[in-house]
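The values are calculated or read from the model by the stated rules, or taken from the named source; none is laboratory data. What you are looking at is a predicted structure, and each value in this text was computed from that prediction instead of being measured. Backbone-built Cβ (ideal geometry, glycine too); neighbour counts: all protein chains shown. To get the accessible areas, we keep the full protein, side chains included, count just its heavy atoms, and leave off ligands, DNA and RNA. Shrake-Rupley method; radii C 1.70, N 1.55, O 1.52, S 1.80 Å.
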Amino acid sequence: MMGQRQHVILLIFSAFLLFQTSNAHNITRLLAKHPSLSTFNHYLTLTHLAPEINRRTTITVLALDNAAMSSLLDKNPSIYTIKNILSLHVLLDYFGAKKLHQIRNGTALAATMFQATGVAPGVSGFVNITDFKGGKVGFGAEDNGGSLNSFFVKSVEELPYNISVIQISKALPSVVAEAPTPGPSELNITGIMSAHGCKVFADTLLANPEAMGTYEDNVNGGLTVFCPMDDPFKAFLPKYKNLTASKKASFLEFFGVPVYQSLSMLKSNNGLMNTLATDGASKFDFTVQNEGEEVTLKTRVNTAKITGTLIDEQPVAIYTIDKVLLPKELFKAALSPAPAPAPEEAADAPKGSKSKTKSKSKTKSKAAPTPDSDSPAESPDDDPADQVADDDNAAMCFGAERLAVVGLSFLLVFFLL
């Protein structure tokens, strides 16, 4: 009987341990245990790479000790160039010490976080890993002429198939990653949009000093832009011209978000998002929904899908969308009449409730559509309320799982006593 009780206790402990630690890692905490990597750890935080690493799974960090970081910093690179260099040291695959010595055919090409930003042209964001005879493993940026002049030193931390932190002898040289990178205030966001299929939107933004000024004021602190492609925005221009001056500014500001949102952040978060146009009762928000690799933006009027990334570098991200997203504050949704309830059911039909909560960047609430409109009604897509319901269901499922674990555990103990 005592053996059975010990076995049950062990099962309970294992269940809770698995529940609490599944797929969780924090690169800053992992590196904090290694003082020789403190400078590297500091710059992962300073460049905002640490949160990006924490959001990913199946990842390898090529850590540099303080001496190697000192050699890198002696060149006085800007913080934005440092971010590019360090993002080249984050592999989007898992390589533990054992796997490094079991590479098929002795060599592998790994994509990096630098490649994922879309800034690295061609194969310049890839790292070559080669297992030499005698147990020596070399690393080199693919745009470095095939030179493998940095080598495996030791395994620092490993959470199998989730994250591996290994130390290499020196920084990976890369002409592209080390190139001077302009600061956010030096970025020409309308120029970037114009050169990549969003010229009509960019020209319209430039022609509106109020909206353009709002975008410029937010570049340094964090800005995400969703720019409609030329064809849909050109077709929309007649409706835009019918708006009043103040509503034109609000409409253009609606496509900007006053925080930096990387594509991985958008893919991992669902919910309402405030915009540059959000101001008190004028919510001007939209719902972000994702399914796999597809990210959509929804209002009560229509839905747009992210189709490309023009730039994704902290603190600025610009994405293209396939439609002109319409705010419910300016455009009416064409509502379909609801079917009349059966007489015996009408008296028992529950009444809906509304709630409003405001935050700077995201909120779980939904706002009722306003009656004001400067344009003909548009056809509605899915209601954002579906997302709120999904969030509530997810929360209920999470709580149910926890209760199930607790209940089953105590039930087992009760029957074995």
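Residues that are open to solvent by 10 Å² or more (accessible area, probe 1.4 Å), under 18 Å from the mean Cα position of the chain (by Cα) and closer than 24 Å to GLY221 by Cα do not occur anywhere in the range 243-251. Scanning the range 150-162 finds no residues that are crowded, with 21+ Cβ neighbours inside 10 Å, out of contact with any Cys (no Cβ under 6 Å at 6 or more places or on another chain) and closer than 30 Å to GLN261 by Cα. Taking the numbered list (1) of a type outside the set (D, E, K, R); (2) open to solvent by 10 Å² or more (accessible area, probe 1.4 Å); (3) outside the structural domain of SER78 (by the TED database) in turn, LEU205 passes all entries but (2). Scanning the range 211-238 for residues that are modelled with pLDDT under 95 and open to solvent by 60 Å² or more (accessible area, probe 1.4 Å) yields GLU216, ASP217, ASN220, GLY221.
The lone criterion from (1) in contact with a Leu (Cβ under 9 Å, 6 or more places away or on another chain); (2) within 21 Å of GLY191 (Cβ to Cβ); (3) at pLDDT 95 or above left unmet by LEU297 is number (2).
Within the option set LEU272, LEU335, LEU266, being part of a strand (DSSP E or B) and at pLDDT below 95 holds for one residue only, LEU272. Could you grab me the full set of residues in the range 3-44 that are under 30 Å from LEU73 (Cβ atoms), exposed (fewer than 14 other Cβ atoms within 10 Å of the Cβ) and either at pLDDT below 50 or aliphatic (A, V, I, L, M) (or both)? ALA32, the sole residue that qualifies. Within the range 275-319, track down each residue that is hydrophobic (A, V, I, L, M, F, W, C) and free of Cβ contacts under 8 Å to residues at least 40 places away in the same chain. If the condition is that a residue be hydrophobic (A, V, I, L, M, F, W, C) and free of Cβ contacts under 8 Å to residues at least 40 places away in the same chain, then ALA281, VAL288, VAL295 are the ones that fit. Which condition from (1) surrounded by 13 or more Cβ atoms within 10 Å (Cβ to Cβ); (2) touching a residue at least 24 places away in the same chain (Cβ under 8 Å) is the one that ASN128 breaks? The failed condition is (2). Just one residue in the set LEU263, LEU272 is buried (at least 21 other Cβ atoms within 10 Å of the Cβ), within 30 Å of GLN115 (Cα to Cα) and either touching a residue at least 24 places away in the same chain (Cβ under 8 Å) or not charged (D, E, K, R) (or both); that residue is LEU272. The set of residues in the range 67-78 being open to solvent by less than 50 Å² (accessible area, probe 1.4 Å) and either part of a helix (DSSP H, G or I) or under 18 Å from GLY96 (Cα atoms) (or both) consists of ALA68, MET69, LEU72, LEU73.
Screening ARG56 on (1) over 14 Å from SER164 (Cα atoms); (2) open to solvent by 50 Å² or more (accessible area, probe 1.4 Å); (3) modelled with pLDDT under 95; (4) in contact with a helix residue (DSSP H, G or I) (Cβ under 8 Å, 6 or more places away or on another chain) shows it passes everything except condition (1). Only one of the listed residues (VAL127, VAL153, VAL119) is of a type in the set (A, V, I, L, M, F, W, C) and either assigned to a loop (DSSP other than H, G, I, E, B) or not assigned by the TED database to the domain that holds ASN54 (or both). That residue is VAL119.
Among the conditions (1) crowded, with 17+ Cβ neighbours inside 10 Å; (2) under 25 Å from LEU187 (Cβ atoms), the only one that GLY308 does not satisfy is (1).
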